Amino acid sequence: MSKYIIRRLIQAIPVLFGITIVVYAILLAAPGGPTARFANNPKFTEADREKFKKAWGLDQPIPVQYCRWMGICNPENEGLAVFIGSTGWPAFLPTSISGTTNGLLHGDLGVSIDTGEAVASRIARAALPTFILAGNALVIWILVALLIGVYAAIHRYSLFDQAATVFAYVGYAMPTFWLGIMLIFLFSGPGLNILPAGGMTETRLSPPFGSDTYWPYFAANPATAIVDIVKHLILPVFTLVVVNIAGDSRFIRSSMLEALGQDYVRTAKAKGLPVRVVIFKHALRNALLPVVTNIGLEIPFLFTGAIVTETIFSWPGIGRMTIEATRSFDYPTLMGLLLITSALVVLANLIADITYAIVDPRIKY
Amino acid sequence: MRKRLFGLLASTAIVFAACQGAASPSPSVSESAPPPSESAAPSPSAAEVVDLFTSTYPTRRVQGVKGGTVIIGDWQEANLWNPYYQGQVIEANVTSAVFRGFITTTDDFRYATDLAADPAPTVANGGVKVPGDGGDAMTVTWTMRDGQVWSDGKPITCDDVVATWKWVMDKDNTGLYGGTTGWEDITAIDCPSPTSVVVHFKNVYFDYLPLFSWVLPKHYIETIPVKDQVAGKGWSNADMPKVPVSGPFKYGSITPGQELRLVRNDLYKNPITGEPAYLDSVVFKWYGDADAMIAGYRAGEIDQAGDLTDGDLPKVKDLGDQVKAQPALLYEFLRPNWGSPTMKDPAMRQALALAVNKDEINTRILAGNAEIAWTNVSPFAWYYVEPTKTAFDLEKAKSILDAAGWKPGADGVREKDGVRADVKLCTTTRQQRQDTLALISGWLKEIGVASTVNAVSPADIFGSYNESTDQTPCNLSRHNFGVAEHAFSVPLSPQSNYPVYHSGQEAPKGQNDAQINDPDIDRVLDELKGTVDFAKAKELMAEFQKLYVEKVVEVPLYFRKDVNLVSTKIGNWTGNPTSTGYTWNVGDWFIKP
């Protein structure tokens, strides 16, 4: 297994490399750019625009920009010397050897053109809120989908099964942005006013989440702080999980039904095993095989696919940052985010494969 | 898309505003009354003394009480803190609370001294000399108020002004939203005393008043090389609480994605009262979506919901007096391309102006929320004159075209000298604009002019000269349009008309994208460029506005509105449609007992 994991991790490197090339090319080929903010501002001349581009390296051809972003090229040099670091060694080598500090290969994701902040620290700051949102959503999503799917399969064609089917169709078809806004209208200001419309903490009561003053506040008022965050989590988590529960509950039901019709389940029943054992030990474990793969592939999109949900609910996470970076053509931030998304997909695939082997002992790597 | 209105130096800039919300049914809201001193537009006269400085605000402000916090919501996030790099409305609002300059712009469109002492320099009071001293084209002498200090206690002096100028003009500086216009005309700044500032210009520069809108702290900006500041060093979220500021508030904490906390700067002295701000703190809370922000306002999460548009009015009509809708400086208009085969004919432009029913556009598309525009000058500008209103008259339009030799062809579309009257109408993908052009296309058809509506991305239509090609669809700087519909922010400075309407200002040099080429207009703009005499400028602007209508430079459609939801508990909130923003008087805000 360990050999398999190492092999897969090594295989992931060229995959990620390829992804970065494609994404970078698409990003920079798209119309508009960071200078769009100066569009037709008569005081910002073409000369100013060119100066701005030069300062951010946007005046270079796309391959050169990519090369710098990767850390293969040294922005201080020109011509073929771009491949040489300040120490005379190739620029792509570690900083201690090449003297080069820019680029992914040297752990530098660049600086946000929009905010002037280091991309790595921007993303790191937004990661925890996203992890809290996605983590809670993940647990609720899998538990509820499992419960609904298994119960509906066991009680096939029952009222519950029919209701679950209706919920699945409606939930799957419901646009996230619409559901989010409707929930705000129902439960926040315009409606019942029992849940906050957005944010992660109540501004009048608490310091902002993650700020220097937040953790001392949290330590002094843990219960209040947790309740505050939970209140802010309810609507976005609900919005986020509805589609996934709807889809996966159907998937689990289908898989479970197939398993329940297998010979080994009939044998187990014939042996007089308790229903609980038949369902959970014999049927469910086998039914979970395709489900594990499916969920494994869906998890990265829970983190990155919270773009709409985080934006509507003003959740200060990676999804909202993606929207902001897209709006402002902030290439370094977008590349950093897309790299992490790609890595998550690759990692999730790997975890799904490993879990597959754990769930199904027949599978050996 | 976010509404980018352009904080820095936008008081003198004309800029595009591509995206604002659509309007729908007319709400019952409290419209902010036109500023009292601007309600009547006087006729210009060369002998008239133009007073730019007598705001009625000091008589309208009321005494407040100390303490409390105001939470302002916005659906755009401020994330640049150096005023000279900022380009968003919300960033300008933050800056107005923390930085000061020589003068500010009041809610009734007057200049008021801030760091500078009264009176502000003019030709009339001898503060401005043309020609200037010692061979200068112009010399401006400012006197700063005594006893003004940065938030760290260091005095604000002439040295800070010099440092700001040098910082702006540093060869490594880039990304300055307002560019270096005006700054590059300065040859030297002398400091005869810590509070005397003598600015030497190599050219006559009309906009010398708002040039020093923000004075930066020398003892901060000189600690970081400009090259590094451009690349993101300094002015960072972590730095800002330590950066010395001059406004009524200073940076408390910045938590990106969530909020910005400003706390009272106790060393600030209000120019009217000499006292610090009333409020303890002002918090900006960032929402990801305008609807969520409105919901947050209704839930009591915030005391003000900012940066809304006329399109949001129907959603908030039940909030009554809490809705503050003010005519914005943004006007929507049709821009005929004087270089296009059809619109180069003045008769065709006249016909276009007559074939646009502004009332019907307002009623059918904007639900009556808009304020019809007749010129590109805000009715509140100090040089505004009542324009001639071109009434909708299709018969007159037809007769003008007939007289000009545009004869109907076999398919009913007019032709002249082998040119078919077929107009390429261009705009962005915003539905409201497409609907407007569809209406106009119908009216044009009635007068025998064919047209096609082209809706393209903002990147295409507004792409700069170097970022577009001759094939970029509907691109303005490449003149790929017959008539374009978009929006401009009305300039407060007459000088801002120069790069847009002067024949020598076609892209990439300037922004005369409509290829306007008229000797009368050029003459007026040239004369404006060489004067700092406000009375003369007012007279010239009256002539410009007359020519603007007569020659159909543009067909203005309507002014948009700035909409804010403001809790009735906030005292002295006035709003301010200029780029100074609604926080221009935040030092006077207070929580009503």
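So, in region B:228-247, exactly how many residues are closer than 17 Å to A:A55 by Cβ, at pLDDT 85 or above and touching an Asp or Glu at 6+ places or on another chain (Cβ under 9 Å)?
Counting residues in region B:228-247 that are closer than 17 Å to A:A55 by Cβ, at pLDDT 85 or above and touching an Asp or Glu at 6+ places or on another chain (Cβ under 9 Å) gives 1.
Mind checking which residues of region A:111-148 are at pLDDT 90 or above, touching a Phe, Trp or Tyr at 6+ places or on another chain (Cβ under 7 Å) and within 14 Å of chain B (Cβ to nearest Cβ)?
A:P129, A:T130, A:L133
Read through the list (1) surrounded by fewer than 20 Cβ atoms within 10 Å (Cβ to Cβ); (2) within 18 Å of A:L128 (Cβ to Cβ); (3) touching a residue at least 40 places away in the same chain (Cβ under 8 Å), then give the number of the only condition that A:F238 fails.
The number of the failed condition is (2).
Go through the residues of region A:85-97 one by one and say whether even a single one is aliphatic (A, V, I, L, M), modelled with pLDDT of 90 or more and not in a helix (DSSP H, G or I).
yes
Return yes when B:A295 is closer than 27 Å to B:R430 by Cβ and under 26 Å from the mean Cα position of the chain (by Cα) and no when it is not.
Taking the combined requirement at face value, the residue does not satisfy it.
Return yes when A:A47 is part of a helix (DSSP H, G or I), aliphatic (A, V, I, L, M) and in contact (Cβ under 8 Å) with a residue 40 or more places away in the chain and no when it is not.
Spelling it out, it is not the case that A:A47 is part of a helix (DSSP H, G or I), aliphatic (A, V, I, L, M) and in contact (Cβ under 8 Å) with a residue 40 or more places away in the chain.
Got a number for residues in region B:228-251 being at the interface with chain A (Cβ under 8 Å from one of its Cβ atoms) and within 30 Å of B:G274 (Cβ to Cβ)?
1
Going by the structure shown, is A:T239 within 14 Å of another protein chain (Cβ to nearest Cβ) and either among the basic types (K, R) or out of contact with any helix residue (DSSP H, G or I) (no Cβ under 6 Å at 6 or more places or on another chain) (or both)?
The answer is no for A:T239.
Just give me the residues in region B:579-593 being touching a strand residue (DSSP E or B) at 6+ places or on another chain (Cβ under 8 Å), surrounded by fewer than 24 Cβ atoms within 10 Å (Cβ to Cβ) and over 17 Å from B:R264 (Cα atoms), in sequence order.
Within region B:579-593, B:K592 is the sole residue that qualifies.
Only one of (1) closer than 20 Å to B:A507 by Cα; (2) without any contact (Cβ under 8 Å) to a residue 60 or more places away in the chain; (3) hydrophobic (A, V, I, L, M, F, W, C) fails for B:V483. Which number is that?
Of (1) closer than 20 Å to B:A507 by Cα; (2) without any contact (Cβ under 8 Å) to a residue 60 or more places away in the chain; (3) hydrophobic (A, V, I, L, M, F, W, C), only one is false for B:V483: (2).
When you scan region B:171-186, how many residues do you find that are crowded, with 22+ Cβ neighbours inside 10 Å and under 19 Å from B:V197 (Cβ atoms)?
Within region B:171-186, residues that are crowded, with 22+ Cβ neighbours inside 10 Å and under 19 Å from B:V197 (Cβ atoms) number 2.
I'm told B:I272 meets every condition in (1) more than 7 Å from chain A (Cβ to nearest Cβ); (2) more than 25 Å from B:R60 (Cα to Cα); (3) within 27 Å of the chain's Cα centre (by Cα); (4) hydrophobic (A, V, I, L, M, F, W, C) except one. Can you identify the failing condition by its number?
Going through (1) more than 7 Å from chain A (Cβ to nearest Cβ); (2) more than 25 Å from B:R60 (Cα to Cα); (3) within 27 Å of the chain's Cα centre (by Cα); (4) hydrophobic (A, V, I, L, M, F, W, C) one by one, B:I272 breaks only (2).
State the number of residues belonging to region B:444-462 that are within 7 Å of chain A (Cβ to nearest Cβ) and in contact (Cβ under 8 Å) with a residue 12 or more places away in the chain.
3
Among the residues that make up region B:422-432, is at least one of them assigned to a helix (DSSP H, G or I) and at pLDDT below 95?
Scanning region B:422-432, I find at least one residue that is assigned to a helix (DSSP H, G or I) and at pLDDT below 95, so the answer is yes.
Determine whether region B:287-296 contains at least one residue that is within 13 Å of chain A (Cβ to nearest Cβ) and touching a Pro at 6+ places or on another chain (Cβ under 7 Å).
yes
Does B:D136 qualify as being modelled with pLDDT of 90 or more, among the acidic types (D, E) and surrounded by fewer than 23 Cβ atoms within 10 Å (Cβ to Cβ)?
yes
Would you mention how many residues in region B:86-103 are over 17 Å from B:N572 (Cα atoms) and under 16 Å from the mean Cα position of the chain (by Cα)?
Selection size over region B:86-103: 8.
So which of A:G191, A:G199, A:G180 ends up being at the interface with chain B (Cβ under 10 Å from one of its Cβ atoms) and touching a Lys or Arg at 6+ places or on another chain (Cβ under 8 Å)?
Testing whether each residue is at the interface with chain B (Cβ under 10 Å from one of its Cβ atoms) and touching a Lys or Arg at 6+ places or on another chain (Cβ under 8 Å) leaves just A:G199.
Of all residues in region A:166-189, count the ones that are surrounded by fewer than 18 Cβ atoms within 10 Å (Cβ to Cβ) and in a loop (DSSP other than H, G, I, E, B).
Result for region A:166-189: 2.
Considering only residues of region B:470-488 that are farther than 15 Å from B:T436 by Cβ and within 11 Å of another protein chain (Cβ to nearest Cβ), which is nearest to the chain's Cα centre (by Cα)?
B:F488
Which one is surrounded by the fewest Cβ atoms within 10 Å (Cβ to Cβ) among residues in region B:458-484 that are in contact with a strand residue (DSSP E or B) (Cβ under 7 Å, 6 or more places away or on another chain) and in a loop (DSSP other than H, G, I, E, B)?
B:P473
A quick yes/no check of all residues on (1) surrounded by fewer than 22 Cβ atoms within 10 Å (Cβ to Cβ); (2) within 11 Å of another protein chain (Cβ to nearest Cβ); (3) among the β-branched types (V, I, T); (4) under 21 Å from A:R362 (Cβ atoms):
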position: A:K281; (1), (2), (3), (4): yes, no, no, yes
position: A:N286; (1), (2), (3), (4): yes, no, no, yes
position: A:T309; (1), (2), (3), (4): no, yes, yes, no
position: A:G317; (1), (2), (3), (4): no, yes, no, no
position: A:M321; (1), (2), (3), (4): no, yes, no, no
position: A:L344; (1), (2), (3), (4): yes, no, no, no
position: A:N349; (1), (2), (3), (4): yes, no, no, yes
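Which fully enclosed helices (runs of 4 or more DSSP H) of region A:252-346 have 3 or more residues being farther than 26 Å from A:A137 by Cβ, modelled with pLDDT of 85 or more and out of contact with any His (no Cβ under 7 Å at 6 or more places or on another chain)?
Answer list for region A:252-346: A:263-270.
Identify the single condition in (1) over 28 Å from the mean Cα position of the chain (by Cα); (2) more than 29 Å from A:T176 (Cβ to Cβ) that B:E301 does not satisfy, given that it satisfies every other one.
The failed condition is (2).
So, in region B:533-570, exactly how many residues are of a type in the set (V, I, T) and either at pLDDT below 90 or part of a helix (DSSP H, G or I) (or both)?
So the count comes out to 1.
The values are calculated or read from the model by the stated rules, or taken from the named source; none is laboratory data. Remember, it's a predicted structure, so these values are computed and weren't measured experimentally. Ideal geometry is used to build each Cβ from the backbone, glycine not excepted, and the neighbour counts take in all protein chains shown.
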